[in-house]
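Shown next, in structure tokens, is the structure this report addresses.
Read-outs: derived from the displayed coordinates by stated rules, not from any lab. This structure is a prediction, so every number in the text was calculated from the model and none was measured. Neighbour counts are summed over all protein chains in view; Cβ atoms, including those assigned to glycine, are modelled from backbone coordinates with ideal geometry.
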Amino acid sequence: MRTYLALFIAVLLALTLGTACDSDSPTDRGATSLPIETLAKFSSSGYAEPQRLAIDDADELERVWQITTAGQSPPPPLPPVDFGSKMVVLAAAGGPGNGCHSIEVTAATATPAGVLEVEVTETVPGPNCVCTAVATQPVHLVALPRVQGRKVFLDQTRVLSC
């Protein structure tokens, strides 16, 4: 009797864990990892608040580029993007940060349900870090294949161990 009870509990636990893991995440079967092309990565920008944006057209990219390059003198030229096949994603950390802060789009995945999942990793200093005192507003702008549908940003924080 104990053997059957233990077996029943083990099967029930396995079914529960299997159901809990059944979601639209990058680990789903059939999810496609997308190539990421960095267009710009600056420690200084015009984003005082955190931003996560998916940009689908040239006019919006031009507006975003002005804010993205606000910390550059002279501002670099707008990178060309073929919006027929690509889209642009922006991740901005906001500010004020310091020399130990950074942000990066680390992965992009298209799920079978047509959802674009963008993984963003923000790096912050740990308690023992000595960082430059310059005020920063890190930003990362990337191009990736166009995905129609819902866009989800998955934020992670990495703490530097100094």
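Computed quantities for the displayed model
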quantity: Table column - 3J(HN,Hα) (Hz), the range 41-54, Karplus curve with 6.51, -1.76, 1.60, x for Gly and Pro; calculated: 9, 10, 8, 10, 8, x, 9, 7, 10, x, 9, 9, 10, 10
quantity: Theoretical gain in end-to-end length, L160 to N128 [0.36 nm per residue, Cα-Cα removed]; calculated: 10.6 nm
quantity: Largest to smallest principal axis extent of the C-alpha atoms in the range 17-162, angstrom; calculated: 47, 40, 21
quantity: Distance in nm between pseudo-label sites at A70 and D82 (7 Å out along the Cβ direction from Cα); calculated: 3.3 nm
quantity: 5 angstrom amide H check on G94, placed H, neighbours 5+ away; calculated: Q51
quantity: Per-residue HN-Hα couplings for the range 143-159 [Karplus 6.51, -1.76, 1.60; θ = phi - 60°; Hz; x = Gly/Pro]; calculated: 10, 8, x, 5, 10, 7, x, 5, 10, 10, 9, 10, 8, 10, 10, 10, 9
